[in-house]
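Only one structure is covered here, and it is reproduced in the block below.
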Amino acid sequence: MTITLALAQYPTQRTPAKTLDLLESVTQKAADQGVDLLLFPEAFLGGYPRTSSFGAAVGGRTEAGREEFYQYWLNAIDLGDVDQDGLGRYEAAGDGTRERLEYIAKETGVFIVTGIVEKAGATLFCAVLFVDPERGVVGKRRKVMPTGTERLCWGVGSQKTLKAIDVEIKGEQVTLGAAICWENYMPLLRTTLYSQGVNIYLAPTADARETWVATMQHIAMEGRAFVMGCNQYVTTTSLPHYVPGAKAVEVKEGEFNLGEGGEVVSGGGSVIFDPLGKCLAGPLWGEAGILKATIGSVVQETIRGKMDMDTAIGGHYARYAVDGARDEDMMADGWDSRSDVFNFSVEGLDLQTRR
């Protein structure tokens, strides 16, 4: 039995409806190629406002910048989540995006993970949504620290959403975890995911530098997991319409804007690594497209990698204990007893129940 992982390096379209149509089209294409899990980039639904300043400077704002933010808010996604921490209590109507994603996953049989800009009242959050073909939305997490100017337009997400997701893909139990863009440069956030035994590590991003590829390889080695880094390919013809510098482009009915004819502002660089840092696919530069890798057993390959590097809770390379767990309790459960150096906890996130 094999599993095919894939990345969708495509730009957000200029309306939410068109972006959903593109997501459906790409997912169907991926399904036709035998893809089981498909990752879309950071902020794919809702859009990444690359080059936007929203008219803000220290001590000053502009009317044009406020209007720019309003246009961005209009394009953001309402999932109907009423939980103040974004933990997924879908009790409000939302705008139908969640239901559409669940339909696409079910119809194609592809497990979809996508970046999304989620609106909660007037505040926007950069988030990642996990959509199972059989169970629908099974998880969501919000970016805990927006980078630089992103803090003008995105709220700070709750650390409570940093929970790994246990799912079944092609009959194999795997553990998914996501770190968004420069969250991957936060050592303790990576540790939070490693501690939960993540074996498919998802990294949707907006970073198109060559150094990002090295970051993805390092994380694969450090976490002994399959690492999927996915970015958009964006040009001035595929920037959001409200962004200064965006070029008008005519898109025919049934076609999509893939950035042809514009100046490149994000070259992509999507890539997949295995648990020992071997590049399985990519990096893909300078074009939109699907990048895929077919692997054997996820569990088998990650366990083979962890023979000499296991940083999960109780792992032989961890040397930390979960805050509140006594060493004798861990030993009684068969955990490694050498967790005597560091004490680790995440406020509001229960790590003790994970092995």
>> Within the stretch 3-307, how many Lys pairs that are eight or more residues apart, or on different chains, come under 13 Å at the alpha-carbon?
In response: 6
> Are there trypsin sites (Lys or Arg not before Pro) in the stretch 4-62 that DSSP marks as loop and that have at most 15 other Cβ atoms within 10 Å, and which are they?
Replying inline: ARG61
> Of the labelled options (i) 64, 48, 40; (ii) 78, 48, 42; (iii) 60, 55, 38, which one gives Cα extents along the principal axes in Å as computed for this structure?
Replying inline: (i)
>> For a Förster distance of 35 Å, can you work out the FRET efficiency between the beta-carbons of THR62 and THR147, rounded to the nearest 0.05?
In response: 0.95
> By how many degrees, between 0 and 90 and to the nearest 10, does the Cα long axis of helix 210-223 differ from the longest principal axis of the chain?
Replying inline: 30 degrees
>> Between helix 97-108 and the chain, what is the angle of the helix's C-alpha long axis to the longest principal axis, kept within 0 to 90° and rounded to the nearest 10?
In response: 70 degrees
> By the scheme Lys and Arg +1, Asp and Glu -1, what is the net charge of all other residues having a beta-carbon under 11 Å from that of ALA56?
Replying inline: +2
> Mind checking which of GLY47, GLY261, GLY155 has the largest fluctuation in a GNM of the chain, springs on alpha carbons under 10 Å?
Replying inline: GLY261
> List the GluC sites (Glu not before Pro) in the stretch 49-121 that DSSP assigns to loop (not H, G, I, E or B) and whose Cβ has at most 10 other Cβ atoms within 10 Å. Which are they?
Replying inline: GLU91
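Loop only by DSSP, 14 or fewer other Cβ within 10 Å of the Cβ. Give me the trypsin sites (Lys or Arg not before Pro) in the stretch 259-315 that pass, ordered by residue number.
LYS278
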> What is the dipole size for the chain, taken about its Cα centre, with +1 at each Lys and Arg Cβ and -1 at each Asp and Glu Cβ, in debye to the nearest 20?
Replying inline: 440 debye
> Over the chain, what is the relative contact order in whole percent, taking alpha-carbon pairs under 8 Å and six or more residues apart?
Replying inline: 18 percent
> Who wins for biggest fluctuation among SER345, SER238, SER266 in a Gaussian network model of the chain, springs between alpha carbons below 10 Å?
Replying inline: SER345
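So if each residue of separation counts as 0.36 nm, and I subtract the Cα-Cα distance between THR123 and ASP21, what length gain in nm does that give?
34.2 nm
Write down the percent of antiparallel bridges among all DSSP beta bridges whose residues are both part of the stretch 3-307, to the nearest 5. Write down the numbers at each step before the final one.
On the way: 39 of 55 bridges.
Bridges in the stretch 3-307 are about 70 percent antiparallel.
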>> Given axes a ≥ b ≥ c from the Cα gyration tensor, I'd like to know whether the stretch 123-220 is rounded (a/c under 1.5), prolate (a/b larger than b/c) or oblate.
In response: oblate
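The numbers here are math on the coordinates, done by the rules we state, and not lab data. Not measured: the values here are computed from a predicted model. Counting neighbours? That spans all protein chains shown, and the Cβs are built from the backbone with ideal geometry, glycine included.
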